[in-house]
Every structure is written in structure tokens, then in C-alpha cells.
Amino acid sequence: MKKLLQVLVCSAAMIMSAGAFAAEQGTAEEATALVKKAVAFLKANGKDKTLAEMSNNKGQFVDRDLYISVYDMNGKVVAHGTNAKLIGKDVSALKDADGKEFIKDILTQAKASGKGKSNYKWQNPVTKEIQAKSVYFEKSDDMVFSGGYYSK
């Protein structure tokens, strides 16, 4: 009986920790809402203030593993929530772990329809692991605002 109780307690702890990890990751809905909030911020505050806030890694557009990255229409990073070293760099030919040119995919869709979704593999800024990532993006003015979430 004591052994059964230990197994049940351990199982419950594992289930609760798995749920806690899931809660630590952003969702598709949260990523989409973050992009919409970023576009609204641009309309209310202008380009300069927006790009500064999007690049603030302690600001309102970074939440757990969720963050905003902003590209010009040629693939140059103009703001990034977790990697300031990318700002000013042309990432249009950047490839994910499987060789997919995901920035080109995002820009092509943004030019055609103004918003969309893309899937690729990228390093999670929290776990540092390469994970499947899905992004929602919207074009506003001459920029594309992208926010994604990770899955195992």
C-alpha cells in the first residue's frame, strides 16, 4: 500500500509539473493577440516609439517565450524582442533547422494578403532548444509584425 501511495504521489507531481510547463509556454491565441497589440501600438504611438518598445526585452511585448519581431518588406530586422544583435541585419535568406527560408515565406504571404501564418523550427529563447514554431504575422505600414509560439 505504501508503494502504491508513493507511485500515485510521484505520478501526480509529474502531471502537475507538465501542466506548469505548458502554462509557461505561450499559445497560438496569445501570440496572435500580441501581434494585434503591437500593430495597435504602432497606430497609437508611431514608428520610432514602436520599434523601441518592440526591441525592449523587458517590455510589454515579451512574455515568457512570446515576443515580437519586426521586418521591413525586404527582410531586414527593424525590431526584435529577444535578440537585439539581429536589428539592422537582412535575414531574408535565413533558414530554419530543416532548411526552410521562413522569412521569405512570411514576407511573400504578407505582401500577398497582409497577414498569415507560417511554421518552422527555431530556438526557444526560454528552453534554448530547437522546437517547432508557428507564427502569426500582420503587415502594417511598410513592416511585418510577427509573433509565434513553440510546441514540442
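The values are calculated or read from the model by the stated rules, or taken from the named source; none is laboratory data. Computed from a predicted structure; not experimentally measured. Glycine gets a Cβ as well: all are built from the backbone with ideal geometry, and neighbour counts include every protein chain shown.
Those residues that are surrounded by fewer than 18 Cβ atoms within 10 Å (Cβ to Cβ), without any contact (Cβ under 8 Å) to a residue 24 or more places away in the chain and part of a helix (DSSP H, G or I), I need them from region 34-51; list them, please.
Those that are surrounded by fewer than 18 Cβ atoms within 10 Å (Cβ to Cβ), without any contact (Cβ under 8 Å) to a residue 24 or more places away in the chain and part of a helix (DSSP H, G or I): 40, 44, 45, 48, 49.
Taking the criterion of being of a type outside the set (Lys, Arg), at pLDDT 95 or above and not in a helix (DSSP H, G or I), would at least one residue in region 6-25 satisfy it?
Filtering region 6-25 down to residues of a type outside the set (Lys, Arg) leaves 6-25.
Keeping just the survivors that are at pLDDT 95 or above gives none.
Checking region 6-25: not a single residue is of a type outside the set (Lys, Arg), at pLDDT 95 or above and not in a helix (DSSP H, G or I).
Run residue 144 past the list (1) under 17 Å from residue 55 (Cβ atoms); (2) assigned to a helix (DSSP H, G or I) and report the number of the one that doesn't hold.
The single condition residue 144 does not satisfy is (2).
Return the residues of region 52-82 that are in contact (Cβ under 8 Å) with a residue 40 or more places away in the chain and of a type in the set (S, T, N, Q); say none if nothing qualifies.
69, 82
Which one is farthest from the chain's Cα centre (by Cα) among residues in region 108-151 that are under 16 Å from residue 98 (Cβ atoms) and of a type in the set (Lys, Arg)?
121
Residue 142 passes all but one of (1) surrounded by 17 or more Cβ atoms within 10 Å (Cβ to Cβ); (2) among the charged types (D, E, K, R); (3) in contact (Cβ under 8 Å) with a residue 24 or more places away in the chain; which number fails?
The one condition residue 142 does not meet is (1).
So, in region 59-108, of the ones that are in a helix (DSSP H, G or I) and touching a Leu at 6+ places or on another chain (Cβ under 8 Å), which residue ends up surrounded by the most Cβ atoms within 10 Å (Cβ to Cβ)?
Keep residues of region 59-108 that are in a helix (DSSP H, G or I), which gives 84-86, 102-108.
Now drop any that are not touching a Leu at 6+ places or on another chain (Cβ under 8 Å), which leaves 102-103.
On the way: 102: 21, 103: 24.
Applying the filter and picking the extreme gives 103.
Which condition from (1) in contact with a helix residue (DSSP H, G or I) (Cβ under 9 Å, 6 or more places away or on another chain); (2) surrounded by 16 or more Cβ atoms within 10 Å (Cβ to Cβ); (3) modelled with pLDDT of 95 or more is the one that residue 122 breaks?
(3)
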